[in-house]
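Structure first, commentary second.
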Amino acid sequence: MRSVALLSVLSGLAAASPRPQVINVDAIDDLVTPSVLGPTLAATTADPVKYNPTSAASVAAAEIPTAPAEVKRDITKRTACAPQPNDGYVESFKNLQGSTQQIGYLTYKTLKSYDVDVCRAFCDSVKFCVGFNIYFERDPTVDAAAACPNPLPTTNIKCSLYGYPVAKESATNTGQWRGPADANRKTFHVVIAGSNRYSKLAPCPSPASYTNFTSPSRLLHGAINASLAADGSDTYLGIKLYNNGPYDPSQCAAACQAQTAYDGSTAASDGSYKPCNFFNSYILAKNNVPQGTYCSFYTQTWDASYVVNTGYNYGSDVYAVWASFTYSLTAPDPGHL
């Protein structure tokens, strides 16, 4: 993680030159990859959903005083409009030999038969689920050990759920060799087959417990690229990127409110500060793999005519904007004590 000393404190941005709000690659460089990206191979007991939106929002708010939203290095080469997920479920790919490993893993269960509709219903029943992976997994009937090397196989059908869309590029779990070798020098091979993935773009929920934020009016085709305010001041405050759970704008909302409180506590001598009155949340994808919930913050509301940021190239990498929504304070903070 970069030192907090390198972060741009929002209250000091007023004197800075206006900068376009584009995707910042440093935000991805700062992230720590979650330790769990999918079901454990050969496991048969479903994982509980561990994501707690209230706790995640509290963590997002609590870190603002030491790590406020920041303006980082910008990507300047723009690409053509990047493909985005459609409404409803769409098939990301089918019949691959690997299962999904990516951020936003929620839980899984084993199925009695390879039934996409059952897996889809499971996704619909779990909050924040927007993608699922159904596949065959060749597992050992018993744990491979010295007394039972290379045991007989069984086939489990798994349905794993994710809080982000799933894509072909995330099918990186291709199995493993397990346990000691038998008399024929063979070890047990866990194998993935028939791996199909489906994603949906469900309506984005309004941030829980933040009743002063309006619900998004509609899905946007890209991200906000803000202009200057009527008085010439820069309205862009900075960004935050979260990958410690599913796509959840509640984290953006909590950080936005905490940023206003922080700026108010460090107001200028005349009592003025830059409040966070508006934010844009979306899924940032790198090379078609979700990277996290991206939050960009502003002092004022911007309408859909400023949605011009649809994606960028940076070297050999392609960054895209998915599931973009905007939220405004119903009673904007005036920015004065």
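Annotations
- Residue 103 being in the same structural domain as residue 31 (by TED's automatic domain parsing) and either at pLDDT 95 or above or surrounded by 15 or more Cβ atoms within 10 Å (Cβ to Cβ) (or both): no
- For the range 261-285, filtered to residues that are touching a helix residue (DSSP H, G or I) at 6+ places or on another chain (Cβ under 7 Å) and outside any strand (DSSP E or B), the residue that is nearest to residue 311 (Cα to Cα) is 276.
- Exactly one residue out of 206, 199 is crowded, with 16+ Cβ neighbours inside 10 Å and modelled with pLDDT of 90 or more: that is 199.
- Taken over the range 266-291, the residue count meeting the criterion of being touching a residue at least 40 places away in the same chain (Cβ under 8 Å), surrounded by fewer than 24 Cβ atoms within 10 Å (Cβ to Cβ) and of a type in the set (Gly, Ala, Ser) is 4.
- Qualifying residue in the range 133-152 (condition: within 31 Å of the chain's Cα centre (by Cα) and under 21 Å from residue 291 (Cα atoms)): yes
- Scanning the range 311-332 for residues that are within 22 Å of residue 287 (Cβ to Cβ) and over 17 Å from the mean Cα position of the chain (by Cα) yields a count of 6.
- Among residues of the range 316-332 being touching a helix residue (DSSP H, G or I) at 6+ places or on another chain (Cβ under 9 Å) and of a type outside the set (Asp, Glu), the one that is farthest from residue 220 (Cα to Cα) is 329.
- Per this entry, residue 127 is not counted among residues that are over 29 Å from residue 325 (Cα atoms) and either free of Cβ contacts under 8 Å to residues at least 12 places away in the same chain or outside the structural domain of residue 43 (by TED's automatic domain parsing) (or both).
- Members of the range 142-189 found to be among the hydrophobic types (A, V, I, L, M, F, W, C), crowded, with 20+ Cβ neighbours inside 10 Å and in a strand (DSSP E or B), listed by number: 159, 161, 188
- Consider the range 116-140 and keep the residues that are charged (D, E, K, R) and either modelled with pLDDT of 95 or more or assigned to a strand (DSSP E or B) (or both). The one that is surrounded by the fewest Cβ atoms within 10 Å (Cβ to Cβ) is 138.
The values are calculated or read from the model by the stated rules, or taken from the named source; none is laboratory data. Model, not experiment: these values are computed from the prediction. Please note: Cβ atoms are built from the backbone with ideal geometry, for glycine as well, and neighbour counts cover all protein chains shown.
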